[in-house]
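Participant: Got a structure for you, questions after.
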Amino acid sequence: MANLGFIGLGVMGSQMVDRLMNHGHTVTGYNRTRAKAQWLIDRGMKFSDTPRGVCEAADVTISMVTNAAALKDCAEGPNGMLAGISAGKVLIDMSTVSPATSKALAEKVRAKGADMVDAPVSGSIVTLQQGKLSVIVGGRRETFERIKPLLLDIGPRVTHVGENGLALVMKIGTNLSLLVQMLAFSEGVLLAEKSGISREIAVDVLTHSAIASPMVQYRGPFVLQMPDEAWFNVNMMQKDMLLALDLGRQVDVPLPMSAAANEMLTAARGMGFAEQDFAVVFQVLARMSGLAT
């Protein structure tokens, strides 16, 4: 049992808190919109009105926010995480931001006598609920060993990949593949459909074929019925694709498939799909193919 903090109680964050409390941990949480956290408060989670309060209350704080701007907003200022964290404590940041942004925050955390790792996750709300989520960790080995048991309570696979920032490199590399796979899957479905095979049959065949990665298996059916609430929306995915393209330029790795897939996200935004799950690239491609969706 540990005294934990959690900042950012969105779709994934709230479910992680639920799992952590199920394992007996005490959790103090923060979210900009308290109402979204009410069900966790009802379950016994303590609530703080500021990120500072969370870090002051917890020995280990996990943060999982939307982007670099949100992370900066939660970290800095008189009510931020840096104002509340102190010597001996640990910050686990699960946000997907650039490696440089994460490493800069880690330096500020260490200046307070605490430590920080970047620990983005690979998976979806379904894999989390099934207990199959993977966590990738970048940071000092001794800190990783200290927090590994906590992370195993979130998901069964926890991998240390090296120094601060490298887990984010791995996460960015993972996410670009998700979109490219989804786009290729959509092309296969539409090719079959326009040739006379029903969309339902095409989806069934492909999701039980050699190309059926876990992502294709759980997101492929979205081409038949999009979820009411996006698991990972177009804007979030495009943020990660732009991180990938920028990183590719930095290390001289061409990313031609990622660049093409990113343009489909721009098209999705232009069609008004920004808040839809990124699987909506199927609908973009269907419209381009002359099919109603």
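The values are calculated or read from the model by the stated rules, or taken from the named source; none is laboratory data. Predicted model only: the values in this text are computed from it and were never measured. Glycine gets a Cβ as well: all are built from the backbone with ideal geometry, and neighbour counts include every protein chain shown. These area figures cover heavy atoms from the full protein model, side chains too; ligands, DNA and RNA do not enter into them. Shrake-Rupley method; radii C 1.70, N 1.55, O 1.52, S 1.80 Å.
Participant: For region 39-64, which residues satisfy the criterion of being among the aliphatic types (A, V, I, L, M), closer than 25 Å to VAL135 by Cα and in contact with a strand residue (DSSP E or B) (Cβ under 7 Å, 6 or more places away or on another chain)? Walk me through how you get there before you give the answer.
Facilitator: Our first condition is that a residue be among the aliphatic types (A, V, I, L, M); within region 39-64, this holds for 40-41, 45, 54, 57-58, 60, 62, 64.
Next, only the ones that are closer than 25 Å to VAL135 by Cα stay: 40, 45, 54, 57-58, 60, 62, 64.
LEU40, MET45, VAL54, ALA57, ALA58, VAL60, ILE62, listed by residue number.
Participant: Here's a follow-up. Among the residues of region 120-139, which ones are within 27 Å of ALA87 (Cβ to Cβ) and touching a helix residue (DSSP H, G or I) at 6+ places or on another chain (Cβ under 6 Å)?
Facilitator: Restricting attention to region 120-139, the residues satisfying the condition of being within 27 Å of ALA87 (Cβ to Cβ) are 120, 135-139.
If the condition is that a residue be within 27 Å of ALA87 (Cβ to Cβ) and touching a helix residue (DSSP H, G or I) at 6+ places or on another chain (Cβ under 6 Å), then PRO120, VAL135, ILE136, VAL137, GLY138 are the ones that fit.
Participant: Scan region 25-44 for residues that are closer than 15 Å to LEU151 by Cβ and surrounded by fewer than 20 Cβ atoms within 10 Å (Cβ to Cβ) and jot them down.
Facilitator: We begin by selecting, within region 25-44, every residue closer than 15 Å to LEU151 by Cβ; these are 25, 27.
If the condition is that a residue be closer than 15 Å to LEU151 by Cβ and surrounded by fewer than 20 Cβ atoms within 10 Å (Cβ to Cβ), then HIS25 is the only one that fits.
Participant: Among the residues of region 83-119 satisfying the criterion of being outside any helix (DSSP H, G or I) and among the polar types (S, T, N, Q), which is most open to solvent (accessible area, probe 1.4 Å)? Don't jump to the end; show me each part of the working.
Facilitator: Here is the first cut: in region 83-119, the residues outside any helix (DSSP H, G or I) are 85-98, 111-119.
Those left that are additionally among the polar types (S, T, N, Q): 86, 95-96, 98.
On the way: SER86: 49, SER95: 1, THR96: 15, SER98: 30 Å².
In this case the residue turns out to be SER86.
Participant: Within the bounds of region 227-239, is there any residue that is over 18 Å from THR66 (Cα atoms) and at pLDDT 95 or above?
Facilitator: Looking for residues that are over 18 Å from THR66 (Cα atoms) and at pLDDT 95 or above, one finds none in region 227-239, hence no.
Participant: Is it true that some residue in region 263-275 is closer than 19 Å to SER124 by Cα, among the polar types (S, T, N, Q) and open to solvent by less than 80 Å² (accessible area, probe 1.4 Å)?
Facilitator: Checked region 263-275: no residue is closer than 19 Å to SER124 by Cα, among the polar types (S, T, N, Q) and open to solvent by less than 80 Å² (accessible area, probe 1.4 Å).
Participant: List the pairs whose first member sits in region 118-134 and is charged (D, E, K, R), whose second member is assigned to a strand (DSSP E or B) and modelled with pLDDT of 80 or more, and whose Cβ atoms are under 6 Å apart, counting only residues at least 6 apart or on separate chains?
Facilitator: That search, which allows pairs on different chains as well, returns ASP118/ASP93; ASP118/GLY138.
Participant: Only residues that are under 22 Å from the mean Cα position of the chain (by Cα) and over 17 Å from VAL169 (Cα atoms): list them for region 110-142, please.
Facilitator: Hits for region 110-142 are ASP115, SER124, ILE125, VAL126, THR127, LEU128, GLN129, GLN130, GLY131, LYS132, LEU133.
Participant: So which residues in region 224-259 are farther than 22 Å from PRO120 by Cα and in contact (Cβ under 8 Å) with a residue 60 or more places away in the chain?
Facilitator: Within region 224-259, just MET257 meets the criteria.
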